[in-house]
Structures are given as C-alpha cells and as structure tokens.
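Accompanying notes for the structure given below.
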Amino acid sequence: MNLIKTAAITMIWGLVITGCVSTEKYKTSQNIVYSLQSEKAQLEERLLETEKKLDTEKAARESIEADARRLKSEKTELVRQNKGILFANKSQSDTISELMAEKLNAIKEKDIIIGELQNEKNMAIKEKKKAVSELTQTYDSLVSELNEEIKKGEIEVVQLKDKLTLSLVDKILFDSGKTDIKKNGKLVLDRVADIVKDIADKQIRIEGHTDNVSIGSVLAAKFATNWELSTARSTMVVKYLQERGVDPAFLSAAGYSEYRPVDSNETEEGRSKNRRIEIVLIPLDKMLTAPDNP
C-alpha cells in the first residue's frame, strides 16, 4: 500500500516538474491519489480488525492450550488415582479372599467338631439307653425276687431313668438300736447280692437313714447321734454284700441321719418309713473308671 502511494506521488511530481500536465490530467491524478488514500484507510481499518481477530484468536488459543494442559494434568492425576484404586481393590479383594478362606476353614472345623460332638452324644444316648435297659432288667429281677416283701410294704423298688433305688425298712435288717444284721435280713441281702453282684457298670451306694428321735441314753455311749447309727448300719450292709461276692470297688457307704426323710416324723408310721436302708444303683462315677496315674 505504501508503494502505491509513493508511486502515485512520484508520478504527479514528475508531471508537474516537466510542465507537461494539463488541468484535466491533474484532477485525474488527484482523484487517483484520493482513491488510493481511501483504499489505504480501508486497508488500515481492515488491518486493525484483522489484528484484533488475531489477538482474540491468540487469547482463545492460549486458553485452549491452558485447558489442554489442565486436562492433561487432570488425566495424569486420574490415571494415578485409578492405579491406586485398582491396587486398593486388589488388596481388598485379596483380604476378602483370605477372610473367606479362613471363614470356610472355621466352618469346616466347626462342622468337624459338631460331628464329633454329635457322635459322642449319640454314643452317650445309646449307652444310656443300654444302661437304662439293663437297669430295668435288674429292677424286674428285684421286683420278682422280693415280691413278697414288696407286698408287705417292707421293701420298695423305684427306678427313675438311670437310677434304681431299693428301699428296705430297718426292721427287716436290724433290731431297734442295733447294727448287727438279722438272720432274715441276711437272707434278703443274699437274694439282692445274687442279682447285683454281676453288675459292673454301676455304683452301688448303701445309704443309712433314721427318724428324728434322738439316741437314747443306753445307746448314747455307742452312737452319740443318729449320724453314727445311720453310717454304722450302711457300713455293715456294705461289708455283708462284699462277703456275698459284690465287688467292693463299686460299693460305698453313706449315712444321712434324719435329714432325708421320705415321710412325716409326726406319726409312728411315718417314722417307720424314715428308718430305712437304701441300696442305690447309679451311673458309675468317672473317678472309679479313671486310670491310675503313673
């Protein structure tokens, strides 16, 4: 644009200098100059607009580049976080797998223990049923053998699950205040011994019981209280059963004095029932079956 302006001015001045320019031609030349100046102004205006657009586009490009850098940075951070999440998920997954494995092992061990306990329970039930069945046979044998005494009310046989009790009123075995077993009492114990001597899976506990009448002055020198009397009588029965072939390892003696009555001590009939010897068959104590310590 500057070259055009310069060329036009040079041409005009050339014409002026040479003196060869007419008025018409001069006007024409001026018009060209005005036209060129107008074109120049338009071009300069367009140039300014173009520069503004360039500045705007440059700012937009810089903004886009800044966004691109930010997005790239965010992408990098997201990739890093994603890797961390994947690692955490894997670690958590491994932990869950380990916990599940431990839980499954615990369940298996629990199932094994439950199975063992169930087997033990089944065996115990089976053994208990067998013991009760055997005890029932013993009960039936005692009832059959001692039927006459049972009818007279002198003997009572009671079975309660795995416990069998043979209760004998004291007058069958002992005279009043005595501990020596009477002849007829021995005959009764002989029949009892024949039935229980082959029992090897029960304790045979002989229990002595009295009424609440205090020991008289005549017996006081020998038996200070009913404790001594009840214990002495149960001991005599134990010794006699041993003599008749009952294994002493399964025998025991206990005296309960007047403190476990089965009837009222207010009447003679009640006191008579309370004065008794009980032969009790109960499950074998573990202490009796435990092996000796080396």
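Okay, here's what the table says:
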{"read-out": "Largest-first principal axis extents of the Cα set of segment 20-93 (Å)", "value": "102, 14, 11"}
{"read-out": "Overall dimensions of segment 146-289 by Cα: Rg and Dmax, Å", "value": "14.8, 44"}
{"read-out": "Prolate/oblate/rounded label for segment 132-197 (Cα gyration tensor, a/c 1.5)", "value": "prolate"}
{"read-out": "Ranked by how many other beta carbons lie within 10 Å on average, peptides 160-171, 214-225 from highest", "value": "160-171, 214-225"}
{"read-out": "Other-chain or far-sequence residues with amide H under 5 Å of ARG276's (modelled H)", "value": "ASP170, HIS209, THR210"}
{"read-out": "Karplus-derived 3J(HN,Hα), 6.51/-1.76/1.60, for each residue of segment 48-53, Hz, glycine and proline x", "value": "4, 4, 4, 5, 4, 4"}
{"read-out": "Relative contact order (%) - criterion: Cα under 8 Å, at least six apart; region: the chain", "value": "16"}
{"read-out": "222 nm mean residue ellipticity, helices alone, for the chain (DSSP H n ≥ 4; -39,500 (n - 2.57); rounded to 500)", "value": "-23000 deg cm²/dmol"}
{"read-out": "Hydrodynamic radius (Kirkwood) for segment 45-139, which is based on Cα pairs only, to one decimal in Å", "value": "21.5"}
{"read-out": "Stretchable slack from ASP180 to GLN242, in nm (0.36 nm times residue separation minus alpha-carbon distance)", "value": "20.8 nm"}
{"read-out": "ALA253 long-range amide H proximity, modeled H, under 5 Å", "value": "ILE206"}
{"read-out": "Surface/4 estimate of mean projected area, convex hull on alpha-carbon atoms of the chain, nm²", "value": "42.0"}
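Here, each number is a calculation from the coordinates, and none is a lab measurement. Source: prediction; values computed, not measured. No Cβ is skipped: glycine too gets one built from the backbone with ideal geometry, and neighbour counts run over all protein chains shown.
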